[in-house]
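Engineer: A single structure is presented below for examination.
The values are calculated or read from the model by the stated rules, or taken from the named source; none is laboratory data. Since we're looking at a predicted model, the values are computed, not measured. All Cβ positions, even for glycine, are placed from backbone atoms using ideal geometry, and neighbour counts span all protein chains on display.
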């Protein structure tokens with residue numbers, strides 16, 4: 001009886017351990033499954049990619065030449081073909097872009113996502129965004145996350161999202177990643193891509209960091225954040 005009780009206790013501890021999240025040193029997390037799930041294939045289905053808009057001429061300005069070139073490069077990144085410069089990213093089934101409700105010279109996220117969308121015969125969904133960059137409040141990220149997951153369910157994915165960098169943390173949290181596991185997005189970073197993988201019930205399985213690996217221009221010592 002004692003040994004049987006010890007076995008039951010050991011199994012209980014293993015079950016509790018299975019329900020906890022695990023994360024690596026960088027904070028990127030594998031989340032537990034909640035009940036039976038069906039895992040999707042590795043062809044990009046069930047995946048949401050989040051990236052930042054391209055480089056800009058000033059804080060509220062349009063994209064500069066580097067940013068426009070980066071946007072065009074996304075066509076060759078998300079094409080489903082192997083590359084020596086970056087991992088293989090599949091062609092999108094849907095494209096979203098953050099919409100700035102504050103006065104800006106250009107909708108930079110839309111500028112970034114238009115070439116990729118047009119190359120794949122898609123319309124950019126620009127109906128969400130505009131949360132306060134300081135707090136993420138306003139409901140835009142929450143509404144965007146709901147729309148992204150609904151689109152993921154309808155299309156199977158992948159869904160590619162171009163977002164304002166301060167709000168990426170809040171959008172990623174609304175998609176299911178614990179907010180304290182998400183690092184702040186550096187103001188100088190235009191290259192990172194977040195990869196979020198979901199099961200067929202739109203429950204987050206894991207997320208990780210990748211990159212476009214777009215060549216940078218010669219450093220002129222000036223960086224607009």
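Engineer: Look through segment 152-179, keep the residues that are out of contact with any helix residue (DSSP H, G or I) (no Cβ under 9 Å at 6 or more places or on another chain) and surrounded by fewer than 19 Cβ atoms within 10 Å (Cβ to Cβ), and return whichever of them is modelled with the lowest pLDDT.
Structural biologist: 166
Engineer: Scan segment 49-92 for residues that are surrounded by 14 or more Cβ atoms within 10 Å (Cβ to Cβ) and in a helix (DSSP H, G or I) and jot them down.
Structural biologist: 66, 67, 68, 69, 70, 71, 72, 73, 74, 75, 76, 77
Engineer: A further question follows. If we scan segment 93-106, do we find a residue that is surrounded by fewer than 17 Cβ atoms within 10 Å (Cβ to Cβ), at pLDDT below 90 and in contact with a helix residue (DSSP H, G or I) (Cβ under 9 Å, 6 or more places away or on another chain)? Steps first, please.
Structural biologist: Initial filter on segment 93-106 (surrounded by fewer than 17 Cβ atoms within 10 Å (Cβ to Cβ)): 101-106.
Adding the requirement that they be at pLDDT below 90 leaves 101-106.
Now narrow it down to the ones that are in contact with a helix residue (DSSP H, G or I) (Cβ under 9 Å, 6 or more places away or on another chain): 101.
So far as segment 93-106 goes, yes, one or more of its residues are surrounded by fewer than 17 Cβ atoms within 10 Å (Cβ to Cβ), at pLDDT below 90 and in contact with a helix residue (DSSP H, G or I) (Cβ under 9 Å, 6 or more places away or on another chain).
Engineer: Here is a follow-up. Being over 15 Å from residue 51 (Cα atoms), modelled with pLDDT under 95 and in a loop (DSSP other than H, G, I, E, B) is the requirement here; does residue 136 meet it?
Structural biologist: yes
Engineer: Right, something else. Is it true that residue 125 is crowded, with 18+ Cβ neighbours inside 10 Å, at pLDDT 95 or above and more than 18 Å from residue 207 (Cβ to Cβ)?
Structural biologist: yes
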